[in-house]
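The values are calculated or read from the model by the stated rules, or taken from the named source; none is laboratory data. For clarity, every value in this text was computed on a predicted model and none was experimentally measured. Quick reminder, even Gly has a Cβ in these numbers, built from the backbone with ideal geometry, and neighbours come from all protein chains shown.
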Amino acid sequence: MGKTALAQLVFKDEEVQNHFELKMWTCVSNSFQLDALVKNILKADNLDIDLLQNELRKKIDGKRYLLVLDDVWNENRGKWLSLKDLLMGGARGSKILITTRSEKVAK
């Protein structure tokens, strides 16, 4: 069984579904542009980066969420820290699950 298939089983598990108020899945691949990633998470195409960031913060504010970032290749720590800052508003117990082939990303 592959990484993505295993992540899908976890994501669709009934206990996981009941545990998290908000569940989001996005495929990242080799392109890690913060605005594109947030657009994909929000399923929004017509907002600028500031509005996107505000919308994401509102969406997760105080909610326990599960975010799956599938097939991540980018190893740029700065980009990851920017995303982490955006995701800090979720409730305690929120989780981010990343599938990757990169040992550096996994750390």
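Confirm whether N40 is surrounded by fewer than 15 Cβ atoms within 10 Å (Cβ to Cβ) and of a type in the set (S, T, N, Q).
Criteria not met by N40.
When the residues of the range 73-92 are narrowed to those that are at pLDDT 85 or above and in contact with a helix residue (DSSP H, G or I) (Cβ under 8 Å, 6 or more places away or on another chain), which ends up nearest to L37 (Cα to Cα)?
Here the residue is L87.
Just to check your reading of the model, which residue among E14, E55 is without any contact (Cβ under 8 Å) to a residue 24 or more places away in the chain, closer than 23 Å to G2 by Cβ and out of contact with any strand residue (DSSP E or B) (no Cβ under 9 Å at 6 or more places or on another chain)?
Being without any contact (Cβ under 8 Å) to a residue 24 or more places away in the chain, closer than 23 Å to G2 by Cβ and out of contact with any strand residue (DSSP E or B) (no Cβ under 9 Å at 6 or more places or on another chain) holds for just one of E14, E55, which is E14.
When K63 is evaluated against the numbered criteria (1) part of a loop (DSSP other than H, G, I, E, B); (2) within 24 Å of K107 (Cβ to Cβ), which criterion, by number, is the only one it fails?
(2)
Can you spot a residue in the range 68-76 that is touching a residue at least 60 places away in the same chain (Cβ under 8 Å), crowded, with 17+ Cβ neighbours inside 10 Å and under 18 Å from H19 (Cα atoms)?
Scanning the range 68-76, I find at least one residue that is touching a residue at least 60 places away in the same chain (Cβ under 8 Å), crowded, with 17+ Cβ neighbours inside 10 Å and under 18 Å from H19 (Cα atoms), so the answer is yes.
What single numbered condition from (1) assigned to a helix (DSSP H, G or I); (2) within 21 Å of R101 (Cα to Cα); (3) over 13 Å from the mean Cα position of the chain (by Cα) fails to hold for V16?
(2)
Between a residue in the range 91-107 that is without any contact (Cβ under 8 Å) to a residue 24 or more places away in the chain and any residue that is surrounded by 14 or more Cβ atoms within 10 Å (Cβ to Cβ), which pairs come within a Cβ distance under 6 Å, given they are 6 or more apart or on different chains?
Going by the 6 Å Cβ cut-off, the qualifying pairs are A106/T100.
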